[in-house]
């Protein structure tokens with residue numbers, strides 16, 4: 001691989017990592033909060049992340065998760081992104097909200 005080309009997994013990690021934390025104002029990558037990226041058959045991407053606190057307010061956690069999903073779904077070769085939060089006291093509820101509906105590629109970041 002040349003230094004200018006990235007694998008789809010690297011592009012997914014870059015897209016997910018580019019999402020800023022709204023309170024700290026650093027990206028998920030800068031904070032080391034993207035835990036795992038997986039690309040499955042058919043272009044289905046799974047992104048697992050955590051936040052700075054397991055008690056992070058759910059509106060922030062949902063907003064960050066949706067923005068990760070929106071950015072990853074713009075990566076060429078990704079047909080669907082599923083975002084999973086780790087180590088949060090209501091992780092399942094947050095994941096359900098983040099992954100419940102389709103997000104238009106041109107949707108504003110807060111959707």
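Of note:
- Among beta bridges identified by DSSP and lying wholly in the chain, the antiparallel ones come to about 50 percent.
- Radius of gyration, Dmax [the chain; alpha carbons; angstrom]: 13.2, 42
- The chain: relative contact order as a whole-number percent, Cα under 8 Å and 6+ apart: 25 percent
- The range 63-106, Rg to Rh (Cα coordinates; Rh as Kirkwood inverse mean 1/r): 0.98
Bear in mind that the values in this text are calculations on the coordinates, not laboratory data. Since the model is a prediction, treat every value here as computed from it, not as a measurement.
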